[in-house]
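Inspection log for the structure reproduced underneath, given as structure tokens.
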């Protein structure tokens, strides 16, 4: 039986812009189970970024309930949300969000510092995470000494280091060339294969086609939520290129 990890129950988010009320999300209800690979798509203004922020505990809904691993996190304080983010959610961003003066190892260790992990264990866990994304030879390189693909791999390692419940990838290939984009998606596929739940936000159809389920948003509502019957796999693309 599938284990539910994310449950949105009539989530709405309103913003006031001057005298106007903007309905960014309107009573969105959705469930995501453990070890699903879900892509979220939608045009600009569809609400997908707002949905991602609430899902990642970066924001709270105006109304409705968000259950993460069975716990209602809808009305938590900022400090409580920060703790949940650090324990439960690994983030991968389009712009990498790496500290420019810190090495790859130091960047990956950052979530472990917030989690109160000892220095010796931080080094060990961060090294293992970087090895898992094939960057064992780049531990002490700073971001400006790495390619775009390598920087995104550091970001992936940082997302994985706390062994979170969910990986949230927000346009993870947006700043990469097509070849490197495919490699990063291949890495996400491998992470999913090993048991992680992945939610991918993208506007690129060919990237979304790697997910097993595609949710499309429009005007703050879910327009469609379908299983992907034509999954593209990294291995298949490699065979075609060969």
query = Has segment 116-131 got any residue that is in contact (Cβ under 8 Å) with a residue 40 or more places away in the chain and surrounded by fewer than 18 Cβ atoms within 10 Å (Cβ to Cβ)?
reply = no
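Considering only segment 75-97, how many residues are touching a residue at least 60 places away in the same chain (Cβ under 8 Å) and surrounded by 17 or more Cβ atoms within 10 Å (Cβ to Cβ)?
The initial filter retains those residues of segment 75-97 that are touching a residue at least 60 places away in the same chain (Cβ under 8 Å), namely 86-96.
Remaining after also requiring surrounded by 17 or more Cβ atoms within 10 Å (Cβ to Cβ): 86, 88-94, 96.
Result for segment 75-97: 9.
Could you tell me whether residue 116 is outside any helix (DSSP H, G or I), farther than 29 Å from residue 36 by Cβ and modelled with pLDDT under 95?
On the way: outside any helix (DSSP H, G or I): yes; farther than 29 Å from residue 36 by Cβ: yes; modelled with pLDDT under 95: yes.
Criteria met by residue 116.
Somewhere in segment 80-95, is a residue part of a loop (DSSP other than H, G, I, E, B), touching a strand residue (DSSP E or B) at 6+ places or on another chain (Cβ under 8 Å), within 23 Å of residue 175 (Cα to Cα) and modelled with pLDDT under 95? I'd like the intermediate steps shown before the answer.
Within segment 80-95, the subset part of a loop (DSSP other than H, G, I, E, B) is 94-95.
Subset that is touching a strand residue (DSSP E or B) at 6+ places or on another chain (Cβ under 8 Å): 94.
Still in the list and also within 23 Å of residue 175 (Cα to Cα): 94.
Cutting the leftovers down to modelled with pLDDT under 95 gives us 94.
Scanning segment 80-95 turns up at least one residue that is part of a loop (DSSP other than H, G, I, E, B), touching a strand residue (DSSP E or B) at 6+ places or on another chain (Cβ under 8 Å), within 23 Å of residue 175 (Cα to Cα) and modelled with pLDDT under 95.
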remark   = Looking across segment 51-66 at residues that are touching a residue at least 60 places away in the same chain (Cβ under 8 Å) and in a helix (DSSP H, G or I), the single one that is farthest from residue 220 (Cα to Cα) is 55
task = Kindly indicate whether residue 43 is under 19 Å from residue 217 (Cβ atoms) and in contact with a helix residue (DSSP H, G or I) (Cβ under 7 Å, 6 or more places away or on another chain).
result = no
ask   = Across segment 33-49, which residue is farthest from the chain's Cα centre (by Cα) among those that are buried (at least 21 other Cβ atoms within 10 Å of the Cβ) and assigned to a strand (DSSP E or B)?
value = 41
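What residue, of 198, 207, is within 17 Å of residue 92 (Cα to Cα), buried (at least 23 other Cβ atoms within 10 Å of the Cβ), more than 13 Å from the chain's Cα centre (by Cα) and touching a residue at least 60 places away in the same chain (Cβ under 8 Å)? Step through it out loud before you land on a result.
Values: 198 fails: more than 13 Å from the chain's Cα centre (by Cα).
Among 198, 207, only 207 is within 17 Å of residue 92 (Cα to Cα), buried (at least 23 other Cβ atoms within 10 Å of the Cβ), more than 13 Å from the chain's Cα centre (by Cα) and touching a residue at least 60 places away in the same chain (Cβ under 8 Å).
The values are calculated or read from the model by the stated rules, or taken from the named source; none is laboratory data. Just so it is clear, the structure is predicted and the values come from calculations on it, not from any experiment. Because the Cβ atoms are built from the backbone with ideal geometry, glycine has one as well, and the counts that use them run over all protein chains shown.
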